[in-house]
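Written out below as structure tokens is the structure these notes cover.
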Amino acid sequence: LSTLLLAVLLHVRFRVFTSAERRELGVEWSRLRHHEWWPTWAMHAPAVPVMLWQSIRYRHPLVFTCCNPGITPGGGIGGESKLESLEGLLAADTDSVLFGCAAPNADSTDERTKLTLELIESEPRLGGLPVMLKPDRGEQARGVTKCSDADDVRRYFETFDTDSLVQRYHPGPCELGVFWVRDPATKSGMQGRVFSCCRKVMPELECDGTRTIREQIRSHKRYRIQADRFEQQLADRLDDVPEAGTRITLTNTANHKMGAIFRQAPELVTPEFERAIDSIATGFAAPNGGGFDFGRFDIRYTDDESLKRGEGLAIVEVNGVTSEAIDIYDPDRSVWFAWGILQEQWKLAYEIGAKRRSEGVKPMGVLELVFGARRHLKDRPSH
């Protein structure tokens, strides 16, 4: 204990004399106090004993990779193609899934921009500009870009020369993360159930009319924790002093690391909504013929009342077996709640995977997983 105390004192000893250093210490303390900001290994560590026990119970450490035979590799363990998953969703429901297709490849940025703009104009299911462009293989919203004109499309391809997906844009303004699991014991004739439903809230700053945007971000109890991210996104406005009452959205990306706030929303899970999700999930049919068992849908929609009736859903994408039930990041919930959700999630992944294995699906091997992860880390977009 004395060694730990000494380490803490050495860490802070010269960091209390300037306001910038004190602010940074406050940010570090805030990150330490709530699990929402903990590193991935700390969040997921309590699920490891569950995974070890399930590995012994089902006699294979990676039996969970038998889930989602329609998503490769390994049910969505990492590096899966967004386009292939989207094709599986579109086979289920073309009205509730946002259409998307591969962006053309070309030898130069100018040619690729030209071909993509021609595709947007000629493909009515894309709905014209604006559209969303994103790397075909990526995670955590890396590279996801709203393109409103030709210059935006060109800038995207100047930054990302990887295989990409162009997708219809939905204005929202609301967004959800809905985790669904296949469960034959579910009542009402459905084949699965909504395991988690969570709003993705875009943070807003209400200006006071006296301080700059930068000053208000850095003094806000929550926003200061991700100040660097917000300042990067608002770089050309940070020294402005907007009128009192002006509201500024700090991020338009529904990703926690980009600043979105996740809040549990069980009140949205009506029987009608759950049936709509169940129909899409069970109708999933990937190009390889495989189905979907376990994972999270990212959904945009206009208003709560329509959503509760099972109407107006716009599914952006589906994330596979290693996706999270994102209510674990709800700032109003405890770390014990988050750990309980993660433990239950992995228990279900192993159970469903074992059932799929009994039907003939083969789990990934350990070496296959290791080399696949190395390729994914090497090839994923870096921006």
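The values are calculated or read from the model by the stated rules, or taken from the named source; none is laboratory data. Note that this is a predicted model, so its numbers are computed, not measured. Cβ atoms come from the backbone with ideal geometry, glycine included; neighbour counts cover every protein chain shown. Note: accessible area is taken over every heavy atom of the protein model, side chains too, but ligands, DNA and RNA are not part of it. Shrake-Rupley method; radii C 1.70, N 1.55, O 1.52, S 1.80 Å.
Just want the answer: with Cβ charges of +1 for Lys and Arg and -1 for Asp and Glu, which residue in Leu83, Pro171, Leu25 is farthest toward the dipole's positive end in the chain?
Of the options given, the answer is Leu25.
Normalised by the empirical 2.2 N^0.38 Å for globular proteins, what value does the Cα Rg of the chain take? Intermediate values should be presented prior to the final figure.
Details: Rg = 22.3 Å, N = 383, 2.2 N^0.38 = 21.1 Å.
The chain yields a ratio of 1.06.
Running a GNM on the chain with Cα contacts under 10 Å, which residue among Trp29, Trp41, Trp339 ends up with the highest mean-square fluctuation?
So, out of Trp29, Trp41, Trp339, the one fluctuating most is Trp41.
If you keep only loop residues by DSSP, which trypsin sites (Lys or Arg not before Pro) in region 276-350 have at most 13 other Cβ atoms within 10 Å of their Cβ?
Arg309
Across region 250-267, in residue order, what do the Karplus-derived ³J(HN,Hα) couplings come to in whole Hz, using 6.51 cos²θ - 1.76 cosθ + 1.60 with θ = phi - 60° and x for Gly and Pro?
Computed from phi, the couplings for region 250-267 are 7, 8, 10, 9, 7, 10, 4, 5, 8, x, 5, 9, 9, 9, 4, 9, x, 5 Hz.
Quantify, in whole percent, the carbon and sulfur part of the accessible surface of the chain (1.4 Å probe; protein heavy atoms only).
Details: 10210 of 19370 Å².
Reported share for carbon and sulfur atoms: 53 percent.
Given a cut-off of 29 Å, name the pairs among Lys114/Lys308; Lys82/Lys308; Lys221/Lys308; Lys82/Lys355 whose C-alpha atoms lie farther apart than that in the structure shown. Working shown, then result.
Working: Lys114/Lys308 41 Å; Lys82/Lys308 27 Å; Lys221/Lys308 33 Å; Lys82/Lys355 25 Å.
In this structure, Lys114/Lys308; Lys221/Lys308 lie more than 29 Å apart at Cα.
In debye, nearest 20, what is the charge dipole magnitude of region 226-369 about its Cα centre with +1 on Lys and Arg Cβ and -1 on Asp and Glu Cβ, if you could check?
Numbers: 16 positive and 25 negative charges, 130 e Å.
Value, rounded to 20: 620 debye.
Roughly how big is the chain's charge dipole about its Cα centre, with Cβ charges of +1 (Lys, Arg) and -1 (Asp, Glu), in debye to the nearest 20?
Numbers: 50 positive and 55 negative charges, 340 e Å.
Roughly 1640 debye, rounded to the nearest 20.
Please give the Cα centre distance for region 215-271 versus region 74-109, rounded to the nearest Å.
29
Connecting C-alpha atoms closer than 10 Å in a GNM of the chain, tell me which of Gln232, Gln216, Gln140 has the biggest fluctuation.
Comparing Gln232, Gln216, Gln140 in a Gaussian network model of the chain, the most mobile one is Gln232.
For region 277-357, what D do you get in µm² per second when you plug the Kirkwood radius from alpha-carbon pairs into Stokes-Einstein at 10 °C and 1.306 mPa s?
Values: Rh = 14.7 Å.
Rounded, D is 108 µm²/s.
What is region 147-298 by shape, rounded, prolate or oblate, if you read a ≥ b ≥ c off the alpha carbon gyration tensor as root eigenvalues and call it rounded for a/c under 1.5, prolate for a/b larger than b/c, and oblate otherwise?
Values: a/c = 3.08, a/b = 1.68, b/c = 1.83.
In terms of gyration-tensor shape, oblate.
Can you bin region 133-226 into rounded, prolate or oblate? Criterion: square roots of the alpha carbon gyration tensor eigenvalues sorted a ≥ b ≥ c, rounded for a/c under 1.5, prolate for a/b above b/c, oblate for the rest.
Working: a/c = 2.70, a/b = 1.28, b/c = 2.10.
Verdict is oblate for region 133-226.
What number comes out for accessible area per residue over the chain if the probe is 1.4 Å? Units Å², please.
Value returned for the chain: 51 Å² of accessible area per residue.
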